[in-house]
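Accompanying notes for the structure given below.
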Ligand SMILES: Nc1ncnc2c1ncn2[C@@H]1O[C@H](COP(=O)(O)OP(=O)(O)O)[C@@H](O)[C@H]1O
Ligand SMILES: [Mg+2]
């Protein structure tokens, strides 16, 4: 199992607070999940490639113990069609054309959008994601057809150029804003599908504007659960009118950038500890 920086810090912080914390691969054989008061999903980077198996695991585990985030939230958040739910609630999201397998992509749709991003609705880490200049719409179509041929729902979005000023990632713990970072654009060259891209290039600390925090809060309010998520990351990009726009909402296994945010680590460990104690009582 690969221990990333966040995982190391969280486990250490929990142990320092007197908890018994273990990191267990979600797909490990014969794990008695019911011996844990709380199971917190972290670092499950392979979930998108094994979505059926992963969601089944989440549902089963949620019946045995308290799972965070809850299985229903994990399921909802695993497919970027949740952007439609956010839009219905009035949240500014990247305008998205969803194409279902079995339907034919329409050239005119791509040409109308201009510079586009093509990506699968179920994905993480910018895998199978690429952008195309307006003159590359034939390549963009071909990319969409390749994904549709694999039985996947495809998203076509305008390429939001201001991503080059930095995508903002706002981290919330138990519904309260904790900290944020800014990262550079991932899709640096148009017309290239490269699955070895760095998902978080040039990360820097960032203080979000009040408008950005408000947008992220509205997005979180649309999550289908009574309690706010234990952890959440809302990724925003400015659109061409400089309006903060939701690129994605990460409620499954996001990098929370805890390395340079000791207060965020403290908040998260505090919330995990409180939930575990409540579940045990
Ligand atoms: N519409 C878009 N405009 C500009 N950049 C985009 C767009 N969609 C995706 N990207 C770039 O690709 C990266 C990955 O896409 P994203 O939607 O966040 O999916 P995931 O992180 O789940 O793979 C983003 O961080 C961003 O750099
Ligand atoms: Mg992303």
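For region 205-242, enumerate the residues that are within 14 Å of ligand 1 (Cβ to nearest atom) and either surrounded by fewer than 13 Cβ atoms within 10 Å (Cβ to Cβ) or modelled with pLDDT under 95 (or both). If the condition is that a residue be within 14 Å of ligand 1 (Cβ to nearest atom) and either surrounded by fewer than 13 Cβ atoms within 10 Å (Cβ to Cβ) or modelled with pLDDT under 95 (or both), then 240 is the only one that fits. Scanning region 132-172 for residues that are more than 19 Å from the chain's Cα centre (by Cα) and either closer than 26 Å to residue 205 by Cα or within 16 Å of ligand 2 (Cβ to nearest atom) (or both) returns 161, 162, 164, 165. For region 159-192, the set of residues classified as buried (at least 17 other Cβ atoms within 10 Å of the Cβ) and farther than 21 Å from residue 250 by Cβ consists of 190 only. Just one of (1) modelled with pLDDT under 95; (2) touching a strand residue (DSSP E or B) at 6+ places or on another chain (Cβ under 6 Å); (3) farther than 28 Å from residue 92 by Cα fails for residue 200. It is (3). Please verify whether residue 6 is under 16 Å from residue 271 (Cβ atoms) and surrounded by fewer than 14 Cβ atoms within 10 Å (Cβ to Cβ), treating the condition exactly as stated. Here the answer is no, as residue 6 does not meet what is asked. Summed over region 243-257, the residues that are in contact with a strand residue (DSSP E or B) (Cβ under 6 Å, 6 or more places away or on another chain) and either outside any strand (DSSP E or B) or within 11 Å of ligand 1 (Cβ to nearest atom) (or both) give a count of 10.
Within region 175-192, the set of residues being in contact with a strand residue (DSSP E or B) (Cβ under 9 Å, 6 or more places away or on another chain) and either in contact (Cβ under 8 Å) with a residue 24 or more places away in the chain or part of a helix (DSSP H, G or I) (or both) comprises 175, 177, 178, 179, 180, 181, 182, 186, 187, 190, 191, 192.
Being touching a residue at least 60 places away in the same chain (Cβ under 8 Å) and farther than 29 Å from residue 152 by Cβ is a condition met by no residue of region 23-31.
The values are calculated or read from the model by the stated rules, or taken from the named source; none is laboratory data. Everything numeric here is computed off the predicted structure, so don't read it as measured data. Neighbour counts run over all protein chains shown; Cβ positions are idealised from the backbone, glycine included.
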